[in-house]
Amino acid sequence: MVIKMTKRELLDLDRGLQNVGNLSGPRFVYAIARNSFLLKGEVTSLQKSIMPSASYNIYDQARLALAKEHSVKEGGIPKTFVENNIEQYLMKDLEKFNIAFENLKKEHSAALEERKLQIEAFNTLLTEEIEIDLCEIALEDIPDGISAQQLSGIFSIVVDSKVKI
């Protein structure tokens, strides 16, 4: 079945396929494995296109070192807290850290601008459409233990022979 989808939808489908990889049933497992194989090249290409450059990685390491340097330490270990599912360092002097951080961003402005442009290009790339020939999964081959969330992740390749569209 040839499907037309955006590259973002392709990445979502790949994630959906990964989320059902633990389910069983010979026809289902075959379709999951086959589709994963068919998507692999495009997914790998997209993943490579968003990898940070060496200059950005240098900035990021310096940012992390700066945060550790300015953090409160307990037994020599930087103290952290979680806010909005993001682990952050607890700063001794936030104002002092912010000044140092702004200087770091100025020092690495070229790398930051390059990364910003890379992310914008990647987001544009994700809107591009692609046609791909995938292996459909018959509704009757879906395992009984699948959750609604798992099914929604692969919905674009599920076909119900009893429903005519």
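Kindly provide the Kirkwood hydrodynamic radius of region 54-125 in Å, to one decimal, from all pairs of distinct alpha carbon atoms. Before the final figure, lay out each step's value.
Values: mean 1/r = 0.0733 Å⁻¹.
Computed over Cα pairs of region 54-125, the Kirkwood hydrodynamic radius comes out at 13.6 Å.
Karplus-derived 3J(HN,Hα) values for region 133-150, using 6.51 cos²θ - 1.76 cosθ + 1.60 with θ = phi - 60°, are 8, 10, 8, 6, 10, 6, 3, 5, 8, 6, x, 4, x, 6, 8, 4, 5, 5 Hz; glycine and proline are entered as x. Amide H contacts of Met91 (H built 1.01 Å from N, in plane; Pro and chain starts excluded): Val72 sit under 5 Å, all sequence-distant by 5 or more or on other chains. The distance from the alpha carbon centre of region 92-116 to that of region 1-49 is 38 Å, rounded to a whole number.
Dividing the helix sum by the residues of the chain, where each DSSP H run of 4 or more adds -39500 (n - 2.57), gives a mean residue ellipticity at 222 nm of -18500 deg cm²/dmol. Taking a straight Cα-Cα cut-off under 20 Å and skipping sequence neighbours fewer than 8 places away in the same chain, the aspartates and glutamates within cross-link reach of Lys7 are Glu42, Glu120, Glu128, Glu129, Glu131, Asp133, Glu136.
In percent, rounded to a whole number, the relative contact order of region 54-125 is 32, using alpha-carbon pairs under 8 Å and six or more apart. Distant-in-sequence amide contacts of Val159, defined by a placed amide H-H separation under 5 Å and a gap of 5 or more residues or a different chain, comprise Ile137, Ala138, Leu139. When its C-alpha radius of gyration is set against 2.2 N^0.38 Å (N residues), the chain gives a value of 1.47.
Once C-alpha pairs closer than 8 Å and six or more residues apart are averaged by separation and normalised to the residue number of the chain, the relative contact order reads 41 percent. Phi angles across region 37-48 convert, under the Karplus curve 6.51 cos²θ - 1.76 cosθ + 1.60 with θ = phi - 60°, into 3J(HN,Hα) values of 5, 5, 7, 3, x, 5, 5, 4, 4, 5, 4, 5 Hz, Gly and Pro given as x.
Throughout, read-outs are computed from the coordinates displayed, never taken from laboratory work. Computed from a prediction, not measured in an experiment: that's the story for all the values here.
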